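Notes follow once the structure below has been shown.
The values are calculated or read from the model by the stated rules, or taken from the named source; none is laboratory data. The shown structure was predicted, so the numbers you read here are calculated from the model rather than taken from an experiment. Cβ sites come from the backbone with ideal geometry, for glycine too, and all protein chains shown count toward neighbours. Just so you know, the surface numbers come from the protein's heavy atoms only, side chains and all, with ligands and any DNA or RNA stripped out. Shrake-Rupley method; radii C 1.70, N 1.55, O 1.52, S 1.80 Å.
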Amino acid sequence: MVDLESEVPPLPPRYRFRDLLLGDQGWQNDDRVQVEFYMNENTFKERLKLFFIKNQRSSLRIRLFNFSLKLLSCLLYIIRVLLENPSQGNEWSHIFWVNRSLPLWGLQVSVALISLFETILLGYLSYKGNIWEQILRIPFILEIINAVPFIISIFWPSLRNLFVPVFLNCWLAKHALENMINDLHRAIQRTQSAMFNQVLILISTLLCLIFTCICGIQHLERIGKKLNLFDSLYFCIVTFSTVGFGDVTPETWSSKLFVVAMICVALVVLPIQFEQLAYLWMERQKSGGNYSRHRAQTEKHVVLCVSSLKIDLLMDFLNEFYAHPRLQDYYVVILCPTEMDVQVRRVLQIPMWSQRVIYLQGSALKDQDLLRAKMDDAEACFILSSRCEVDRTSSDHQTILRAWAVKDFAPNCPLYVQILKPENKFHIKFADHVVCEEEFKYAMLALNCICPATSTLITLLVHTSRGQEGQQSPEQWQKIYGRCSGNEVYHIVLEESTFFAEYEGKSFTYASFHAHKKFGVCLIGVRREDNKNILLNPGPRYIMNATDICFYINITKEENSAFKNQDQQKKSNVPRSFYHGPSRLPVHSIIASMGTVAIDLQDTSCRSTSGPTLSLPTEGSKEIRRPSIAPVLEVADTSSIQTCDLLSDQSEDETTADEETSSNLEYAKGYPPYSPYIGSSPTFCHLLHEKVPFCCLRLDKSCQHNYYEDAKAYGFKNKLIIVAAETAGNGLYNFIVPLRAYYRPKKELNPIVLLLDNPPDMHFLDAICWFPMVYYMVGSIDNLDDLLRCGVTFAANMVVVDKESTMSAEEDYMADAKTIVNVQTLFRLFSSLSIITELTHPANMRFMQFRAKDCYSLALSKLEKKEREKGSNLAFMFRLPFAAGRVFSISMLDTLLYQSFVKDYMISITRLLLGLDTTPGSGFLCSMKITEEDLWIRTYARLYQKLCSSTGDVPIGIYRTESQKLTTSESREIASQDWTSSLVSRKYSVNHLKSQISISVEEWEDTKDSKDQSHHRSNHRNSTSSDQSDHPLLRRKSMQWARRLSRKGPKHSGKTAEKITQQRLNLYRRSERQELAELVKNRMKHLGLSTVGYDEMNDHQSTLSYILINPSPDTRLELNDVVYLIRPDPLAYLPNSEPSRKNSICNAMGQDSREETQL
């Protein structure tokens, strides 16, 4: 046992029980050294320096005490002067000796002792090795002059009445005030205002000059006029103001010399102070200063954060933001890191904006600048991206950091963020409202190919307008188009609404139809009180509840409307119709005023659908029985609803046996197995059972699976949709999804060709390889060969996306130059091609399909200028390319983000319309075309009833195309062009040519319809009819025709000369177009492509298209009208009976969908 115990090592001292009881006394013998840090701060000098200089609050107290001490010394001097009796005589001793009482002398000595001690102590603490630097400072010298004589007088009593210039302590007080303000800013952790300091220095300098001059003149005139302090003050003010009355003047040479010295000092010091003040004022104007805390607490304001502020962006924001009446009292604080632009500065000086817009130069990443903008008190913060940057990803990164900074500084401030690329959207999911540019852009471009002019429809809906545009125009279509453009989306609770309260407990389609019939409003969607999801046209099975929020399209919201019964309307002097013409908008439409709208209340009784108001006119005495329209039921009857069951895709039933055998691909419906992050919910789409190999996605390259090298070789049944883009980003995926959505019939799927400048990456190819008939090709629209290979000659739509590399230019509006010229080239080469173009700047829309001598375009340009002068936000709406939906700018959708501040549902509704979000039970946007079989419906109201009662669709507008009304000279030009086209296509003989020459212009207008028919019949011709060998004969015949016309000149010299000029010009133009056509055909032959189907003469220059949003119920339907529909979700329920697929009202009509595809 003893051995075992000896082997056990002793416990270390730290773990002995005795040490646990006695503490750590055993550690006192350890070799440890205690180290004390910052020993230099424990010295007496450092402690004094910490108290007098380094510590902010104690230093501030010392400065305040020193400032008070200097003011006290100046006050004691004034008291001494006032108590002193003026002595008689002009002896110089009065200058050096004064009468000072003993108590006053004691106070001045005490002040001098304290001041001198403090000055010496501060000099000692701030000493840095150079004693002369401390001694020769002006404050130290002044302190010695004012304090040392009083201290000497303690030991030498005879010097107690010695004159001491104590009034010079005002300069020491000014110096102490400056230091005190600096310490004050440091103590309260506030950004130092250089402007405030400079103004304070200027005022204190001026006061010190005046006070020094007053005291000096008064003292030196003791041997002269014996001026008192008031007279000295009067003299100084008159002198410094350069008035110089001369009633008070100095008499002694010493006082005169002192005045000269003070004037010289003032001329040197004051200009320097004013210069610094002016410089700081200009810098303050650039930076913007601060937004007042008092104003932030009493007034409402929003903050606009941008990286660079352009005049177009500013005006779009201000016009849209202040278009709402309840936002008139809001302030807009702009926070921008760059200096204010000259144009922006000029606009903000306008009284209308100068009182409500405040520009601050600063960064959203700095808390100091956010504090200047009072971000924590703001009602909202709008963060916009710079779309003109070359690197759009970098621009998104800056936007994300700004959003994070604002959220960190002001967590309760609502955020409205604009992002460019969808893959960056998840970084700002915390924002209240987000608009992704590429997400909306590609979705609108895709829907433009299905529903024409969808981009124009959405743009008009998200812009605030009163519908007053174009009302002074002589053109009828501009009046109707401008009037209907004032329709917007509004909301109201059903039980609080006059429009919809009576439809509680009834179906949605019943409420929508009768509200439109009675009030002219279009009910498009609802939202349950306990649900955040908006449902667009939930269908006839949806029953309206009292607490539902109704979303409707109208010229104004219901709260700003007044209602009149029909008998009151008859008594009033309001005209029954506002427009006169075939498509007028009478009493059913809404008559807008400045703040209130009068709505005509029609008879609420249910009219019979077979009544005389809906019957077709009879021919002669024969009575023709017309098809009847079923009434819209209050509660849905499933058997009467002809809902297209798109899950089964009944359009396949109409295919022939040959088509079934020739179709080798079978499609499935489901969610894409692989999709990039695009910021939107998944969409049910047409998919392939197996993904296509990447090599087969290349359109112009053959592979081991197929040998096709151009689009023609594939033999597509439907026309192509070509997208010309620079890169294949995730946003381009949003273009494909709407065109492959599950509600699109298989037989109407258009092949999609992506014409990319740069090859796509593997991730993008992996995402698109599951979609049917989607191909890509590396090329550019600058190259004619690339266009021909990708199938531009038989494409339905050509979508030209604005390239990122061209969005930035030295001159802002030149960013679209390349795109515009390329599209103009396409328009000249392929005039029958429907081109949809995206531009950076909306102002450049006037250059689309530009014709220098087109009188109609010049008239539209003048109309646009007039509308802009009237303050319209939609001045560009009358441009024909925009009205037809062939061009749009994504910047026009900026108003969607601004409008969401008042209407928080607008982004959700727009996303549902574009198919970016798919809410279960919510409908989708589609279109149908009015054919000859549908004209028996006659009016928009009857169409509304037919759709609601049969398919449950809700129409929201009409896309109308009509012939363009030209002037006489223009009609002659078009007529001669058509005549020459017929000449070329049919190769008229010489005799037929002579007969055509004899037709006058008036006879031509009478026979125009018949010639149009022959023109359409001759459009599709072989390419061999315009070979180069025909050109000499054509030109020879044309010259003979022109010479014969010139011989008939004496009869009608003026008209004939004009006709000859126009015809010669037309011949030149026709020859130019023939040369371009030959160029295209030669390139097609060189590439081995067939020229069959290329029709260079078919264009649409004589037609115009426009949109009527929520037109009047009695608007007449016209042939080829395209009606915008919101169709119920087919997945919501399955129909009990098979609908008739051959009904022209149903979506899948078996007609040509070359221009507008029916859904």
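So which residues in region 310-337 are in contact (Cβ under 8 Å) with a residue 40 or more places away in the chain and part of a loop (DSSP other than H, G, I, E, B)? Answer for region 310-337, where residues must be in contact (Cβ under 8 Å) with a residue 40 or more places away in the chain and part of a loop (DSSP other than H, G, I, E, B): K310, A323, H324, Y330.
Only one of V248, V259, V243 is out of contact with any Gly (no Cβ under 6 Å at 6 or more places or on another chain), at pLDDT below 85 and under 29 Å from V148 (Cβ atoms); which?
Details: V248 fails: under 29 Å from V148 (Cβ atoms); V243 fails: under 29 Å from V148 (Cβ atoms).
Selected residue: V259, the only one of V248, V259, V243 that is out of contact with any Gly (no Cβ under 6 Å at 6 or more places or on another chain), at pLDDT below 85 and under 29 Å from V148 (Cβ atoms).
Among the residues of region 361-402, those that are aliphatic (A, V, I, L, M) and surrounded by fewer than 21 Cβ atoms within 10 Å (Cβ to Cβ) comprise L365, L371, A380, V390, I400, L401. Can you name the residue in region 250-266 that is of a type outside the set (G, A, S) and buried (at least 16 other Cβ atoms within 10 Å of the Cβ) and, of all such residues, is nearest to W171 (Cα to Cα)? Among those residues, the one meeting the criterion is M262. Kindly check whether there is at least one residue in region 32-52 that is at pLDDT 85 or above, of a type in the set (K, R), in a helix (DSSP H, G or I) and over 60 Å from the mean Cα position of the chain (by Cα). No; the residues of region 32-52 include none that is at pLDDT 85 or above, of a type in the set (K, R), in a helix (DSSP H, G or I) and over 60 Å from the mean Cα position of the chain (by Cα).
State yes or no: is F508 surrounded by 20 or more Cβ atoms within 10 Å (Cβ to Cβ), in contact (Cβ under 8 Å) with a residue 60 or more places away in the chain and within 30 Å of G952 (Cα to Cα)?
Values: surrounded by 20 or more Cβ atoms within 10 Å (Cβ to Cβ): yes; in contact (Cβ under 8 Å) with a residue 60 or more places away in the chain: no; within 30 Å of G952 (Cα to Cα): yes.
So F508 does not fit the description; no.
Quick check on region 929-975: of everything there that is part of a helix (DSSP H, G or I) and modelled with pLDDT under 80, which residue is nearest to A859 (Cα to Cα)? Result: E970. Of all residues in region 486-524, those being in contact with a Leu (Cβ under 9 Å, 6 or more places away or on another chain), of a type in the set (D, E, K, R) and in a helix (DSSP H, G or I) number 1. Here F882, F876, F888 are screened, and the one residue that is in contact (Cβ under 8 Å) with a residue 24 or more places away in the chain, part of a strand (DSSP E or B) and within 30 Å of P474 (Cα to Cα) is F888.
Provide a single number: the residues in region 855-873 that are crowded, with 17+ Cβ neighbours inside 10 Å and not in a helix (DSSP H, G or I). Here the count works out to 2. Applying the condition of being of a type in the set (S, T, N, Q) and within 25 Å of A323 (Cα to Cα) to region 891-935 and asking which residue is most open to solvent (accessible area, probe 1.4 Å) yields S908. Filtered by the rule that a residue be open to solvent by less than 50 Å² (accessible area, probe 1.4 Å), among the hydroxyl-bearing types (S, T, Y) and free of Cβ contacts under 8 Å to residues at least 40 places away in the same chain, region 46-83 gives a lone residue, S58.
I'd like the full set of residues that are farther than 23 Å from C703 by Cα and without any contact (Cβ under 8 Å) to a residue 60 or more places away in the chain, limited to region 734-783. Once the filter is applied, which keeps residues that are farther than 23 Å from C703 by Cα and without any contact (Cβ under 8 Å) to a residue 60 or more places away in the chain, region 734-783 yields R740, I781, D782, N783. The number of residues in region 338-360 that are open to solvent by less than 70 Å² (accessible area, probe 1.4 Å) and in contact (Cβ under 8 Å) with a residue 40 or more places away in the chain comes to 4.
Counted as qualifying within region 131-245 are the helices (runs of 4 or more DSSP H) with 1 or more residues that are open to solvent by 40 Å² or more (accessible area, probe 1.4 Å) and of a type in the set (K, R), namely 169-187.
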